[in-house]
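One structure is given below, encoded as structure tokens.
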Amino acid sequence: ITAFILFKFTDVPGVVIGASALSTAVICEAFASKLMVRKFLVRLKSLIADHKSELTIKKIVKFYYPLALTSLLTLGIQPFVTFFIGQSRMPLESFAVMPVVTSFVFIFRGLGLSYQEVVVALIGDNMSGFDQLKKFGVKLAAILAGILILISFTPLAEIWFRDVSGLSESLTEFAKLPLKIMSFFPALTVLISFQRAVLVKANETKQITYGTAIEFVGIILVVAICIKYFSLVGAVAATIAFVIGRIAACGYLLPPTISSLKKVNQ
């Protein structure tokens, strides 16, 4: 609503419209969440009133800081990728299409990201819900990646980029290859969300940070090599780096995830 009003009735730049819409959305979400959680808080307080918590600040910090570092690393990668894109071939075209490509992919990734909370909530203290959640995750990954692959490799991509996003014909053609490279990224998002959820449940949050650090370093190395030594177009180099970095992170998290499951089942 904010974006529509500013677009329709003002002449402010698009970047101001986008920033205003996001800020308004976050404020509205925070207010709505506070209202929605009130009745649950009352119920929880009544349940824990007679139980003394063994949770301490030290335990909270030990559990929390690796997850906080994970978020910082995830957000911190973008400035590095932007820097290397600026040094690449066709940087202006790459800067023009990357937000369109990544935001479209995020529509499908977002469903995978939210799966982490589902697994944490439903897997159970003894991981009894693992099998059913794994089956659901496989189906979710196949559906999300399948739909995005279908769009990426058919004329549907042109409809999105040209008619919906408003890119020119040349930029539409330019954006197709980066989208194809990222087409199965939603499946990797489902996988890493599942792995992270299991590790969170097992209190192995440090492993999540290590996995994110590997992804961070992997992305920087791959995008630098692709641009400096193979002279790839910036958008192509960046999307290749995102995919390889995520595969590296998923590969690293696989052994500790399996180990956490075995510990619980012993």
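The values are calculated or read from the model by the stated rules, or taken from the named source; none is laboratory data. These figures come from a predicted structure and were not determined experimentally. We place every Cβ from the backbone using ideal geometry, glycine too, and count neighbours over all the protein chains shown. To get the accessible areas, we keep the full protein, side chains included, count just its heavy atoms, and leave off ligands, DNA and RNA. Shrake-Rupley method; radii C 1.70, N 1.55, O 1.52, S 1.80 Å.
Ordered from highest to lowest accessible area with the whole protein assembly present and a 1.4 Å probe, 59, 45 read as 45, 59. Ordering of 212-220, 132-140, 232-240, 4-12 by packing is 232-240, 212-220, 132-140, 4-12, highest average first (other Cβ atoms within 10 Å, averaged per residue). Using the Cβ of residue 168 as centre and a radius below 11 Å, the other residues enclosed give a net charge of -2, where K and R count +1 and D and E count -1. Residues whose amide H lies under 5 Å from that of residue 89, counting only those 5 or more places away or on a different chain, are 234; hydrogens are built 1.01 Å from N in the peptide plane. Protein heavy-atom accessible surface, 1.4 Å probe, per residue over the range 175-229: 36 Å².
Express the accessible area of the range 1-153 per residue in Å², computed with a 1.4 Å probe while the remaining protein chains stay in the model.
73 Å²
Protein-only accessible surface at a 1.4 angstrom probe places the residues 54, 173 in the order 54, 173, largest first.
Where only DSSP H runs of four or more residues are counted, the chain gives -28000 deg cm²/dmol as its mean residue ellipticity at 222 nm, each run worth -39500 (n - 2.57). Pair-distance distribution of the range 15-75: all C-alpha pairs, bin width 10 Å, starting at 0; shares per bin in whole percent are 17, 20, 40, 18, 5, 0. Only lysine pairs 8 or more places apart, or on different chains, with alpha-carbon atoms under 20 angstrom apart are counted in the range 140-266, and they number 4. As a length-normalised measure over Cα pairs under 8 Å and 6 or more apart, the relative contact order of the chain settles at 26 percent. Working ranking of peptides 102-113, 158-169, 187-198, 25-36 by packing, defined as the average number of other Cβ atoms within 10 Å per residue, highest first, is 187-198, 102-113, 158-169, 25-36. Between 253, 47, 21, the Cα set farthest toward the positive side of the dipole of the chain (charges on each charged residue's Cβ, about the Cα centre) is that of 47. Counting only protein heavy atoms and a probe of 1.4 Å, the accessible surface of the range 151-252 is 68% carbon and sulfur. Per-residue SASA remark: residue 250, around 10 Å² accessible (1.4 Å probe; ligands, DNA and RNA not included). Its relative contact order, with pairs defined as Cα atoms under 8 Å and 6+ residues apart, puts the range 143-233 at 25 percent. The 3J(HN,Hα) values that the Karplus relation (6.51, -1.76, 1.60; θ = phi - 60°) gives for the range 126-140 are, in residue order, 9, 6, 5, x, 4, 4, 5, 5, 5, 4, 5, x, 4, 5, 4 Hz. Gly and Pro appear as x.
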